Amino acid sequence: MAASPAAAVTYGYGPWYDGLKGAKAYFAKTGDHLKVCDIKSDGEVAQVKVRDETMDAYLYTLKDTYNDGRCHYASAADGGVHNLPEKHWISFTVQTGNYMFDSKKFNIYNDA
């Protein structure tokens, strides 16, 4: 997981926020680019949990631990679970810390 993107990415999805407005995330289908940003100085971790809903499988969690203006990134170029399956429903659960009660889930059909 890179701390900064290798090239400019146009995110087609987002910003997505959790209910506490402490985490913000974006996603681009082409290249499976995911970005998460901690946007609240509350000592909690902003995170996005990624699942393959078609296969009912957890894939990975991307975290940003500091509200410092920088974000954390993952993409298909990172390999493995970051290369999301095509023609599958993928969910992104955005949350701050372990506060599942205020998490927000977003679903997309990954067809790019």
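If you count only protein heavy atoms with a 1.4 Å probe, what accessible area per residue comes out for the chain, rounded to a whole Å²?
53 Å²
Counting only protein heavy atoms and a 1.4 Å probe, tell me what percentage of the chain's accessible area is made up of carbon and sulfur.
52 percent
Under a crude label model (7 Å from the Cα following the beta-carbon direction), how far is Lys87 from Met100 in nanometres?
Between Lys87 and Met100, the simple spin-label model gives 3.3 nm.
Tell me, what ³J(HN,Hα) does each residue in region 95-109 have, in order and in whole Hz, if you take phi through Karplus 6.51 cos²θ - 1.76 cosθ + 1.60 with θ = phi - 60° and put x for Gly and Pro?
8, 9, x, 9, 7, 5, 5, 10, 7, 10, 10, 10, 10, 9, 9
Could you tell me the center-to-center distance, by alpha carbons, between region 10-39 and region 56-112 in angstrom?
8 Å
Apply 1/(1 + (r/R0)^6) to the Cβ-Cβ distance of Tyr58 and Thr30, taking R0 = 22 Å, and write down the FRET efficiency to the nearest 0.05.
With a Förster radius of 22 Å, E is 0.40.
Over 23 Å apart: what share of the alpha carbon pairs of the chain falls there, rounded to a whole percent?
Result for the distance tail: 20 percent.
In what sequence, largest accessible area first, do Leu59, Leu84 appear using a 1.4 Å probe?
Values: Leu59 35, Leu84 5 Å².
Final ranking, largest accessible area leading: Leu59, Leu84.
Regarding region 49-112, what is the average projected area of its C-alpha convex hull, in nm²?
The Cα convex hull of region 49-112, projected and averaged over all directions, gives 5.0 nm².
Pairs of lysines 8 or more apart, or on different chains, with alpha carbons under 17 Å: count those in the chain, would you?
Lysine pairs meeting the criterion: 26.
In the Gaussian network model of the chain, springs joining C-alpha atoms below 10 Å, which of Tyr17, Tyr58, Tyr73 carries the largest mean-square fluctuation?
Of Tyr17, Tyr58, Tyr73, the most mobile in the Gaussian network model is Tyr58.
Quick one: grab the alpha carbon gyration tensor of region 31-83, order the square roots of its eigenvalues as a ≥ b ≥ c, and give me rounded if a/c is under 1.5, else prolate or oblate depending on whether a/b is larger than b/c.
Since a/c reaches 1.5 but b/c is at least a/b, the shape of region 31-83 is classed as oblate.
Rank by packing, highest mean first: peptides 27-38, 95-106, with packing defined as the count of other Cβ atoms within 10 Å averaged across residues.
So the peptides 27-38, 95-106, ranked by packing, come out 27-38, 95-106.
The values are calculated or read from the model by the stated rules, or taken from the named source; none is laboratory data. Computed from a predicted structure; not experimentally measured. Quick reminder, even Gly has a Cβ in these numbers, built from the backbone with ideal geometry, and neighbours come from all protein chains shown. For the accessible areas, the whole protein counts, side chains as well, though only heavy atoms, and no ligand, DNA or RNA atoms are used. Shrake-Rupley method; radii C 1.70, N 1.55, O 1.52, S 1.80 Å.
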